[in-house]
Ligand SMILES: *Cc1c(COP(=O)(O)O)cnc(C)c1O
């Protein structure tokens, strides 16, 4: 055996023993909430397509029309020839939605975060990161070479203490946090962080990947509002909404925008159409949170703050078993294990969608109470 394969096999055995191995399961999504996997039809509580817009007729029609007009791929980076006319339309719409001077669309949320952060801070600068921030914010933080300091989850006083100890010794400073935390479903204290940032000549960036369309953000004082087109908007791609100057800087300095091919026209057109659907039906975006709150009330859990509800079981094996038991009952609820979440906090992560029927949520709560929580 080659040393490369020996390495891969040894590593896999180690991951398997810790019950942290992940494998790809072929899944065909039929609509927003029903999927077929392994020959079975399952009701999914694991999709981030909260409003089922990925399958919305107008969204699909817009994507098809964009392919007919501009082709399947963009052909080059946005700075070369990939900047097809749909980009300007989407960026204008996003800036208007978020109340900023400008917007810049990236290839994905991951590419946005790994491009934005290093374009703003570097060696000698200070970067404060919430300990539960999404993996791609950490990736951006490492790429930036700034001094990275972690603050306790949603703990503004801790962030303040770090700033008072560290701010003076650094050049530029930036706080980054999720708006809606992707694995916990809770919401960052953006207003308090904004006050803290302002008082310390520090910039504030929020990642609204799980908020846009479904959880309103109090973004007053948030300098950099990043997010994704791939969750509630049902398409693909990432974005930053900020001042004109910051957006201009991104267009000339963000490496993930410069050195990666522009999004396919279909993805951009689909996102525009999704924004149209949302604008025409303001009640739609409130439904996933209402569904999540219905579920947390049924189980006497803390009231949901977003469509995401975690059921923390702790142990990897127990979480995999719980997920399998739910699958036997017809529910798809993926087990989330370290390193996606901290050690000892393996969990079931439920994502509620507008299309989940109340009776299905009630059945899920009954199964959860009887088979998982044993209450
Ligand atoms: C999903 C997610 C991302 C990545 O967005 P993609 O468009 O899927 O690459 C970034 N941040 C958070 C908080 C996310 O949940």
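A single member of 92, 150, 100, 114 is in a strand (DSSP E or B) and at pLDDT 95 or above, and it is 150. Remark: residue 67 matches the filter, which requires a residue to be in contact with a helix residue (DSSP H, G or I) (Cβ under 6 Å, 6 or more places away or on another chain) and surrounded by fewer than 21 Cβ atoms within 10 Å (Cβ to Cβ). Only residues that are assigned to a helix (DSSP H, G or I) and either buried (at least 24 other Cβ atoms within 10 Å of the Cβ) or away from the ligand (no atom under 14 Å from the Cβ) (or both) were counted in the range 232-264, giving 13. Would it be correct to say that residue 141 is over 23 Å from the mean Cα position of the chain (by Cα) and assigned to a helix (DSSP H, G or I)? Spelling it out, it is not the case that residue 141 is over 23 Å from the mean Cα position of the chain (by Cα) and assigned to a helix (DSSP H, G or I). Kindly establish whether residue 115 is within 16 Å of the ligand (Cβ to nearest atom) and either touching a residue at least 12 places away in the same chain (Cβ under 8 Å) or surrounded by fewer than 17 Cβ atoms within 10 Å (Cβ to Cβ) (or both). So residue 115 fits the description; yes.
Okay, residues lined up against (1) assigned to a loop (DSSP other than H, G, I, E, B); (2) in contact (Cβ under 8 Å) with a residue 40 or more places away in the chain; (3) touching a strand residue (DSSP E or B) at 6+ places or on another chain (Cβ under 7 Å); (4) surrounded by 10 or more Cβ atoms within 10 Å (Cβ to Cβ):
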position	(1), (2), (3), (4)
7	no, no, no, yes
15	no, no, no, yes
20	yes, yes, no, yes
28	no, no, yes, no
31	yes, yes, no, yes
54	no, yes, no, yes
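On the stretch given as the range 197-214, residues that are within 11 Å of the ligand (Cβ to nearest atom) and part of a strand (DSSP E or B) total 2.
On the basis of being touching a helix residue (DSSP H, G or I) at 6+ places or on another chain (Cβ under 7 Å), in the same structural domain as residue 24 (by TED's automatic domain parsing) and over 24 Å from residue 30 (Cβ atoms), does residue 310 make the cut?
No.
Scanning the range 119-138 for residues that are away from the ligand (no atom under 15 Å from the Cβ) and either in a strand (DSSP E or B) or within 19 Å of the chain's Cα centre (by Cα) (or both) gives 126, 127, 128. Could you go through the range 215-224 and let me know if any residue there is more than 16 Å from the ligand (Cβ to nearest atom), surrounded by 17 or more Cβ atoms within 10 Å (Cβ to Cβ), at pLDDT 95 or above and under 21 Å from residue 60 (Cα atoms). Within the range 215-224, not a single residue is more than 16 Å from the ligand (Cβ to nearest atom), surrounded by 17 or more Cβ atoms within 10 Å (Cβ to Cβ), at pLDDT 95 or above and under 21 Å from residue 60 (Cα atoms). Scanning for something over 19 Å from the mean Cα position of the chain (by Cα), at pLDDT 95 or above and closer than 19 Å to residue 213 by Cβ, does the range 28-42 turn up at least one residue? No: the range 28-42 contains no residue that is over 19 Å from the mean Cα position of the chain (by Cα), at pLDDT 95 or above and closer than 19 Å to residue 213 by Cβ.
The values are calculated or read from the model by the stated rules, or taken from the named source; none is laboratory data. None of these values were measured; they are calculated from a predicted model. As a convention, Cβ positions derive from the backbone with ideal geometry for all residues, glycine included, and neighbour counts pool all protein chains shown.
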